[in-house]
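Before any comments, here is the structure.
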Amino acid sequence: MRNWNTAAKLLAAFALVSSPSFADSVGEQEYMVACAGCHGESGLGDGPLAGLLNIETPNLRGLSMANGGTFPVGAVLATVDGRDGVRAHGSAMPVWGDRFQASASSERGETAEMVARGRILSLVYYLESIQQ
C-alpha cells in the first residue's frame, strides 16, 4: 500500500509542477534571479548590468520572431544550460547548469542533474511565454 501512496503523491506533485501556469511562475522566479540583471525584468535586454557586457544584451522577447515564428527550445536550453560549451554575449555567459546542480538536496531525494534540468526547463517555459 505504501508504494501506491508514494506513487500517488509523486503523480500529484508531477501534475502540479508540469502545469503550464505553475511552470511559468517558477520560471519567472528563476528568470528574475538568474537573468533579469542583464536581460532586464521585461526581457528586453535593458537590465542594470547590460552595459557591462561586451555586446548589446539580447532581447529575449524576440526569440520566436527571430526564428521564423517558432520558439527555439533546443537552442535556448543549450544556451541557458551552458555545460556543452555554448557561450553568448561576447564572453562566457554564466553556466546555469552547473549553478543549478549545486542547489540539489539529497535529503529531498534529488539528483543534481534532476534539479538542473527542472530549473532550466522552467526558465525556458517562462521565456517561451513572454515572446512577442
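Return the pairs, sorted by first residue and then second, in which the second residue is open to solvent by 60 Å² or more (accessible area, probe 1.4 Å), the first residue lies in segment 48-60 and is modelled with pLDDT of 85 or more, the beta carbons are less than 7 Å apart, and the residues are 6+ apart or on different chains.
Short answer, once both residue conditions are applied: 59/44.
Suppose the filter is modelled with pLDDT of 85 or more, surrounded by fewer than 17 Cβ atoms within 10 Å (Cβ to Cβ) and in a helix (DSSP H, G or I); does residue 69 pass it? Walk me through how you get there before you give the answer.
Values: modelled with pLDDT of 85 or more: yes; surrounded by fewer than 17 Cβ atoms within 10 Å (Cβ to Cβ): yes; in a helix (DSSP H, G or I): no.
Here the answer is no, as residue 69 does not meet what is asked.
Which one of these is modelled with pLDDT of 85 or more, of a type in the set (A, V, I, L, M) and open to solvent by 40 Å² or more (accessible area, probe 1.4 Å): 116, 75?
None of the others qualify; the one that does is 75.
Assuming residue 83 fulfils every condition listed in (1) within 19 Å of residue 26 (Cβ to Cβ); (2) assigned to a loop (DSSP other than H, G, I, E, B); (3) open to solvent by 70 Å² or more (accessible area, probe 1.4 Å); (4) not aromatic (Phe, Trp, Tyr) apart from one, which condition is it?
(1)
The values are calculated or read from the model by the stated rules, or taken from the named source; none is laboratory data. On a predicted model such as this, the values are computed, not experimentally measured, just so you know. Methodologically, a virtual Cβ is constructed for each residue, glycine included, from the backbone with ideal geometry; neighbour enumeration extends over all protein chains shown. Protein only, heavy atoms only, side chains kept; ligands, DNA and RNA dropped before computing areas. Shrake-Rupley method; radii C 1.70, N 1.55, O 1.52, S 1.80 Å.
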